[in-house]
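First up is the structure itself, then whatever we jot down about it.
The values are calculated or read from the model by the stated rules, or taken from the named source; none is laboratory data. Because the structure is predicted, anything quoted here is derived from the model rather than measured. Glycine gets a Cβ as well: all are built from the backbone with ideal geometry, and neighbour counts include every protein chain shown.
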Amino acid sequence: MVEKEGYLQKAKIADGGKKLRKNWTTSWIVLSSRKIEFYKESKQQALSNMKTGNKPESVDLCGAHIEWAKEKSSRKNVFQVLLQSVPPTLQQATTDPCLHQSLLDTHGQVLITTLSGNEFLLQSDIDFIILDWFHAIKNAIDRLPKD
Ligand code: I3P
């Protein structure tokens, strides 16, 4: 299930559309086929927290976009993950955001095009590390069903 894991610098810059003060921290990042989990602590700490049922911050990649974000930081090798939102009314129907989108499509209603307003920047000073991550996340997104 896990496609890639490792340490990266992470900054969450917006939450639900609200701009956050940028705060870079080292994060243990775990990419699986449709989500990214961000652990605040080391891998070892994360593993022991998992046993106690502590959940990390995680983002569903369905409908997500990833792009280089040179202008968003003075650091090199920064990219951004933007997430698509699911309106709360639809969240009750199913927990699968991809399914929400196809339901919306079939009924000819308004498509969910707004981004959730959760924005993350990921960064590493080491070129090959960030390139590997960029492509791994992009591939995971591209494999998910499209609206
Ligand atoms: C921020 C901090 C960040 C920096 C950010 C600053 O200051 O220096 O590291 O982002 O720049 O505002 P503070 O700690 O006082 O909040 P980068 O390292 O990514 O450049 P920004 O405001 O241009 O995003």
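Within the range 65-79, restricting attention to residues that are in a loop (DSSP other than H, G, I, E, B), more than 7 Å from the ligand (Cβ to nearest atom) and not aliphatic (A, V, I, L, M), the residue that is nearest to residue 133 (Cα to Cα) is 77. Report yes if residue 27 is at pLDDT 70 or above and among the small types (Gly, Ala, Ser), otherwise no. Yes, satisfied. If the condition is being within 16 Å of the ligand (Cβ to nearest atom) and either among the basic types (Lys, Arg) or outside any strand (DSSP E or B) (or both), then the range 1-38 contributes 10, 12, 18, 19, 20, 21, 22, 23, 24.
For residue 94, the stated conditions do not hold, so it cannot be described as farther than 23 Å from residue 130 by Cβ, polar (S, T, N, Q), assigned to a helix (DSSP H, G or I) and at pLDDT below 75. When the range 23-48 is filtered for residues that are without any contact (Cβ under 8 Å) to a residue 24 or more places away in the chain, surrounded by fewer than 14 Cβ atoms within 10 Å (Cβ to Cβ) and not β-branched (Val, Ile, Thr), the ones remaining, listed by number, are 23, 42, 44, 45, 47, 48.
Residues that are surrounded by 13 or more Cβ atoms within 10 Å (Cβ to Cβ), of a type in the set (Val, Ile, Thr) and farther than 19 Å from residue 136 by Cβ occur in the range 4-20; there is at least one.
Criterion first (surrounded by fewer than 18 Cβ atoms within 10 Å (Cβ to Cβ), at pLDDT below 80 and part of a strand (DSSP E or B)) does residue 58 satisfy it? Against the criterion (surrounded by fewer than 18 Cβ atoms within 10 Å (Cβ to Cβ), at pLDDT below 80 and part of a strand (DSSP E or B)), residue 58 qualifies.
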